[in-house]
Amino acid sequence: MKFQVNRDVFSEAVSFAVKLLPQRTTLPILSGVLIETTDTGLRLSSFDYEVSAQTEIEASVDTPGTILVSGRLLADIASRLPNAPVEFSTEESKITVRCGSANFTLLSMPVEEYPTLPQVGEQSGLLPADAFSDAVSQVAVAASRDDVTPVITGVQLEVSDTTLSLVATDRYRVAVREIDWDSGDRDFSEAVTALVPARTLQEIGKTFGHSGTISVAITNTDDREIIAFSADRKTVTSLLIKGNFPPVKRLFPETVENYAVMNTGELVEAVRRVALVLEREAALRFSFTIDGLTLEAIGGEQAQASETIDAHLHGGDMVVSLKPQFLLDGLGAVHSEFVRISFTRTENPNKPGPVLITSQSSKDQPGADNYKYLLQPNLLLR
């Protein structure tokens, strides 16, 4: 095998291929990147039985072939090569990499032991890349990081004819966002769902965020359900999480009359300041009145803190206690100058229901991005 390739193009392709590989694997063969020659250049692939990445780039091929080489080592080398064309050649089990005055000799890994890459099925639909990337960043933050319950470590994608809904929860909060979806000629009159690991989906969102349009394919073959995302000659596949995602969307109220509107940046800064005196896992007390919002933190005998900011309250006064980081996660996903915090009710008049966080274009105008974040308050601090 022998080929020559542009340094920057090759480095970017290797970086993409190794990005989703686990840092540690029990099977060393899965840490490799598979490089194959094609009619127009090269195909680089990685696969660890859960996630695969594949990209094609142009290259000048003298001798076709296939090699398997340590992915992270190759990525480190490619990122530090001098500004010159990269030349690859193989002899038996050795791979020689030349670039300008730099020379490397690497050992190849046994190609015959590498698993077969998953096959991508027929396209299910198309997504606007920027909206998808934005939605993933807003929703994935609410997914659980506790692997004891795998089903809530994922983001549930729910596909209809015209919309894609993303949902995530860790039992303490729920995040939902809807975006446009082009299903072409396919019939999604019955909703199709795909439960994708949140960490994988976040990388996919970052990778394809500037790709214009993303093609999505949901495939079910041989008891392996996978989802594939493709754009710009790149494809990422992920094994879906098995299990029934909890029906959390029904927790969202139809309408809420009692709410407050604040400047998002002012609220974020106030929460960060007042939370400085809190002990770990403690909550902040939020008192909403016609005069504004007062934040209070009682950090024990050592320190206390409070701050008041402007808030436009609709409905009666409300006091809730919220964990600051959970609130900041929701506020960070509200990509608007103002934010609305709505107060739901429970059967117990002394116990507030979850608070609903949504974007707000102005003090009087709701946001247009369909983002909703439902956060369960702590018991009121006495």
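The values are calculated or read from the model by the stated rules, or taken from the named source; none is laboratory data. Values in this document were obtained by computation on a predicted structure and should not be read as measured data. Here the Cβ is made from the backbone with ideal geometry for all residues, glycine too, and neighbour counts use every protein chain on show. Areas reflect the complete protein model, heavy atoms only, side chains present, ligands, DNA and RNA absent. Shrake-Rupley method; radii C 1.70, N 1.55, O 1.52, S 1.80 Å.
In the range 327-374, the residue that is modelled with the highest pLDDT out of those that are open to solvent by 20 Å² or more (accessible area, probe 1.4 Å) and of a type in the set (Gly, Ala, Ser) is Gly332. For the range 17-68, a tally of residues being in a strand (DSSP E or B), touching a residue at least 40 places away in the same chain (Cβ under 8 Å) and at positive phi returns 0. The criterion of at least 3 residues that are farther than 21 Å from Pro22 by Cα, open to solvent by 20 Å² or more (accessible area, probe 1.4 Å) and not hydrophobic (A, V, I, L, M, F, W, C) is met, among strands (runs of 3 or more DSSP E) falling completely within the range 69-120, by 86-91, 94-99. For first residues located in the range 308-324 and open to solvent by 60 Å² or more (accessible area, probe 1.4 Å), partners that are part of a strand (DSSP E or B) and lie 6+ apart or on another chain with Cβ distances below 6 Å form the pairs Thr308/Gly292; Thr308/Thr294; Asp310/Gly292; His312/Val261; His314/Tyr259; Asp317/Thr289. Taken over the range 323-382, the criterion of being aliphatic (A, V, I, L, M) and in contact with a helix residue (DSSP H, G or I) (Cβ under 9 Å, 6 or more places away or on another chain) is satisfied by Leu327, Leu328, Leu331, Ala333, Val334, Val339, Ile341, Val355, Ile357, Leu374, Leu375. Within the range 202-221, does at least one residue satisfy the condition of being assigned to a helix (DSSP H, G or I), modelled with pLDDT of 90 or more and either loosely packed, with under 15 Cβ neighbours inside 10 Å or among the hydrophobic types (A, V, I, L, M, F, W, C) (or both)? Checked the range 202-221: at least one residue is assigned to a helix (DSSP H, G or I), modelled with pLDDT of 90 or more and either loosely packed, with under 15 Cβ neighbours inside 10 Å or among the hydrophobic types (A, V, I, L, M, F, W, C) (or both).
Applying the selection to the range 169-191, what residues are touching a Lys or Arg at 6+ places or on another chain (Cβ under 9 Å) and either under 26 Å from Ser15 (Cβ atoms) or β-branched (Val, Ile, Thr) (or both)? Listed by number, the residues that qualify are Val174, Val176.
Would you check which residues across the range 181-214 are in contact with a strand residue (DSSP E or B) (Cβ under 6 Å, 6 or more places away or on another chain) and not aliphatic (A, V, I, L, M) and list them? Across the range 181-214, the qualifying residues are Trp181, Asp182, Ser183, Phe188, Thr193, Pro197, Thr200, Phe208, Ser211, Thr213.
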